[in-house]
């Protein structure tokens, strides 16, 4: 298996004025009302935040059925991933491995830590090729990031494959499950990483950590709060590596309130999944071949056409993520947002006049 040495280039052009933003995988709905009320009622901006984030840690420990000493927090899951890279890969000869295309911060974290990056190209389809990842492991590999569901392709690692993968690795290789998009998974054969970690730890293996975020399903991207679980020792090192008071009071209060607002969050998730299904079906109807996504986004494997397609959408007022020479990632937005994208996708593939319309969401009249 060859390792990809060139990371993909992500292009997100800037434009002044109104534009439909479908490039950042943000939730298109506001956080639940109880979350907004909690922030308004309890945040005192003149006071420093609790340096231990004790209330949020305890709430997460209960939610995840995990001891509080195994909980990790960060200003977004990126902060946790950054620290894990520095802690697990302690020598310049060490390497961190992941599947490409990928979140561009992985390259940044490896560079900041002064360690090597190993990249394995995604082979296509809706399943991550963990055999290819395993074949790319070398004696230098110390950390493997498995993004499940994978960003940007939406592919997943299913239970049997992930268990076999974990059992094939030596204990000196740490697997980090990045589950930022876990809440949008509807396939019952995609495992809950925290439950998988519990079983792995119980079997005497501490080389697994799980990272999640409040940014996606909970709609708290602006609050910057991520969390995760790891062995007691690794979690302690991650906590010790954080800057003092990294988690703002706003983030702490919002996170606790979000955990208590599961019904509202599930309602938002269902809305996103329904729109994801609709948009994928419409894209297939008009001639595209989108991947089977399990996140709050969809993937169009357009290869060398990605840049031209993204530019076409941008000219139509829709911002999508151009993953150069791989494809285009499109966030699932509101029905109106998604219809704007579908119009643009339709004119791209057909070359018809703009009066030729795709099927829009029920009751959504065409507006520009």
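Does at least one position in the stretch 68-90 carry a residue that is over 17 Å from the mean Cα position of the chain (by Cα), modelled with pLDDT under 95 and either under 27 Å from residue 200 (Cβ atoms) or buried (at least 22 other Cβ atoms within 10 Å of the Cβ) (or both)? Within the stretch 68-90, one or more residues are over 17 Å from the mean Cα position of the chain (by Cα), modelled with pLDDT under 95 and either under 27 Å from residue 200 (Cβ atoms) or buried (at least 22 other Cβ atoms within 10 Å of the Cβ) (or both). When the stretch 106-135 is filtered for residues that are surrounded by fewer than 20 Cβ atoms within 10 Å (Cβ to Cβ), part of a helix (DSSP H, G or I) and touching a strand residue (DSSP E or B) at 6+ places or on another chain (Cβ under 7 Å), the ones remaining, listed by number, are 107, 132.
Among the residues of the stretch 62-79, which ones are in contact with a helix residue (DSSP H, G or I) (Cβ under 6 Å, 6 or more places away or on another chain) and either assigned to a helix (DSSP H, G or I) or more than 23 Å from residue 222 (Cα to Cα) (or both)? Can you show your working first?
Keep residues of the stretch 62-79 that are in contact with a helix residue (DSSP H, G or I) (Cβ under 6 Å, 6 or more places away or on another chain), which gives 63-64, 68-72, 74, 78.
Hits for the stretch 62-79 are 63, 64, 68, 69, 70, 78.
Of the residues 105, 135, 140, only one is out of contact with any helix residue (DSSP H, G or I) (no Cβ under 9 Å at 6 or more places or on another chain) and within 28 Å of residue 301 (Cβ to Cβ); which?
Answer to the check: 135.
What number goes with the only condition from (1) in a loop (DSSP other than H, G, I, E, B); (2) at pLDDT 95 or above; (3) touching a strand residue (DSSP E or B) at 6+ places or on another chain (Cβ under 8 Å) that residue 103 does not pass? Of the numbered conditions (1) in a loop (DSSP other than H, G, I, E, B); (2) at pLDDT 95 or above; (3) touching a strand residue (DSSP E or B) at 6+ places or on another chain (Cβ under 8 Å), the odd one out for residue 103 is (2). The residues of the stretch 187-203 that are touching a helix residue (DSSP H, G or I) at 6+ places or on another chain (Cβ under 6 Å) and either assigned to a loop (DSSP other than H, G, I, E, B) or closer than 12 Å to residue 157 by Cα (or both), listed by number, are 189, 191. Inside the stretch 183-222, can you point out the residues that are under 30 Å from residue 33 (Cβ atoms) and free of Cβ contacts under 8 Å to residues at least 60 places away in the same chain? Matches in the stretch 183-222: 192, 193, 210, 214, 222. A count restricted to the stretch 29-61 and to residues that are touching a helix residue (DSSP H, G or I) at 6+ places or on another chain (Cβ under 6 Å), more than 27 Å from residue 235 (Cα to Cα) and not in a helix (DSSP H, G or I) stands at 3.
The values are calculated or read from the model by the stated rules, or taken from the named source; none is laboratory data. Note that the structure is predicted; figures quoted are calculated from it, not measured. All Cβ positions, glycine included, derive from the backbone under ideal geometry; neighbour counts span all protein chains shown.
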